[in-house]
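Scroll down for the structure; my scribbles are underneath it.
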Amino acid sequence: MGTGEGQETTTTTRTRHSNMASCCSKISPIIPIFVFFLLASSPIRVARSSSETNNPHAKNQTFRPEQELQKLKISPDGDIIDCVLLRHQPGFDHPQLKGKKPLAPPERPNGHNTKATMAAEDFQMWRMSGETCPEGTIPIRRTTEQDMLRANSVTSFGKKPAQVVRRDTTSNDHEVSPELYGDYYPRFFTYWTSDAYQATGCYNLLCSGFVQTNNRIAIGAAISPTSSYGVGQFDISLLIWKDPKHGNWWLEFESGIIVGYWPSFLFTHLSDHASMVQFGGEVVNSSPGGSHTATEMGSGHFAGEGFGKASYFRNLQVVDWDNNLIPLPDLKVLADNPDCYNIQGGINVVWGNYFYYGGPGKNVKCP
């Protein structure tokens, strides 16, 4: 999947002053599996601040900022990654999680490959030097004063604008958001809301909600490598599925690498099942001014250019009531403004259901 300024991919792609290319399937009731793909750049190293990884007492250690400052390394993208005790992550600030421990992963969907490789976890810049957080901790991208100052207000920091359509949503993939991160690097992100972005939810771990269990993936951290137009194309796979026993929504990266979960009590409709799954790209124009944004979606090239040039989603599947992976039914494609961004779907033996999407934004046909 390609990247572009202000672009993100999400399971819900309806935002004020936005343009999108997306496909969706109305499937009731089902549980979604998402497979997402990235287009590319050169690797940049981001160092973390943490306790020593070989400290056998890491699980019981309290990390004190005044001690950690001596070990900080600032990378070219400016990120600082802190290793935080599992029980001290924001998710456990929620009243219903007070005093509880992270859950063990549930049974994976039938037909899903769970053989993970360590190399698959090295898709983020901060991991380029091989660093990880100790067991019993999770990596969290540090929020800076500059991050807060870019927001319209303290209450709006880390949140999407309110939308008209009211629904529960969880979303996950990669995005470029200068307003949130202060740069143009594509970043691995999550988002949730239970009232269509009116008051609940947030990105990543910026509020209580998502519970992370992985000590090697930093949600909100920059991705590397990414693809280059006409040179090389990279992709990643993601799975979101509902634990049929306890109802929580789990997130898995590649095969077998569990990132964490959204507790079922966060939602109303999604506490039971999902009725629609959407895949695609979204560009948010925060200052429309009567003219379309020049922000690119994906690689900045239209879907018709195909592999190596346009962004894509492939092997789209869902999980049914019996926890089985099944082909995506009733696939429909839609572009709000095809002169700005478009989409082309298809199906074959190797990629299953797939689509190419993207575009340059403002151009002669998209004034």
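Structure notes:
- Scanning segment 111-127 turns up one or more residues that are over 16 Å from residue 217 (Cβ atoms) and crowded, with 16+ Cβ neighbours inside 10 Å.
- Restricting segment 329-363 to residues that are outside any strand (DSSP E or B) and more than 22 Å from residue 229 (Cα to Cα), the residue that is farthest from the chain's Cα centre (by Cα): 349
- Yes/no for residue 243 being of a type outside the set (Lys, Arg), touching a residue at least 40 places away in the same chain (Cβ under 8 Å) and more than 17 Å from residue 188 (Cα to Cα): yes
- Segment 212-222 - residue that is surrounded by 24 or more Cβ atoms within 10 Å (Cβ to Cβ) and either over 15 Å from the mean Cα position of the chain (by Cα) or not in a loop (DSSP other than H, G, I, E, B) (or both) and, of those, modelled with the highest pLDDT: 212
- Checked against (1) open to solvent by 50 Å² or more (accessible area, probe 1.4 Å); (2) without any contact (Cβ under 8 Å) to a residue 60 or more places away in the chain; (3) in contact with a strand residue (DSSP E or B) (Cβ under 8 Å, 6 or more places away or on another chain), residue 364 passes all but a single condition, namely (3).
The values are calculated or read from the model by the stated rules, or taken from the named source; none is laboratory data. Small disclaimer: the values here were computed from a predicted structure and weren't measured. Note that we place each Cβ from the backbone using ideal geometry, even for glycine, and neighbour counts take in every protein chain shown. Calculation scope for accessible area: heavy atoms of the full protein, side chains included, ligands and nucleic acids excluded. Shrake-Rupley method; radii C 1.70, N 1.55, O 1.52, S 1.80 Å.
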